[in-house]
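Laboratory data are not the source of any read-out in this text; all were calculated from the coordinates shown. Every value quoted in this text rests on a predicted model; they were computed, and no experiment measured them. Reconstructed Cβ throughout: ideal geometry from the backbone, glycine too, with neighbour counts over all protein chains shown.
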Amino acid sequence: MGTDIDDLLAQKEAELEADLAEVTKPIGEVGTISFGKRIGEGTSMAVDRLTAVSTQEQLLAMLRDVRRARERVIDGTYGRCEVCGEPIPVGRLEARPWAVKCIRHS
């Protein structure tokens, strides 16, 4: 099981790294956001930036979990909650293979 799950996690890690590269890609010389005299000027750019920051934070958190799960595959603790040590239910691992905590501790 270890090799298959590590392959799956490695694939997810590469996917997340690609997504992060896309989200953090410079949009050009954006500079500062200037809100003009008319309602709505600059708000679209501000919303886009806030959305990108939120997406980046979510991707980074998931990437950390994937990397921790890969470490747990290597050290033989994959599938056990890193807080309480109890087995993580199979259904949770099937839905989220990078889960490192049981539902109670997540």
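Assuming 0.36 nm per residue, please report the length gained on full extension of the stretch Val83 to Leu20 beyond their Cα-Cα distance. Could the numbers behind the result be given before it?
On the way: separation 63, 0.36 × 63 = 22.68 nm, distance 2.79 nm.
That works out to 19.9 nm of additional length.
Enumerate the amide H contacts of Arg80 below 5 Å, restricted to partners 5 or more residues apart or on another chain; note that Pro and chain-start residues carry no placed amide H.
Here the answer is Ile88, since their amide H atoms fall under 5 Å of that of Arg80.
Counting only other residues whose beta carbon sits under 15 Å from that of Val83, what net charge do I get with K and R as +1, D and E as -1?
Numbers: positive: Arg68, Arg72, Arg80, Arg92, Lys101, Arg104; negative: Asp65, Glu82, Glu86.
So the surrounding residues net to +3.
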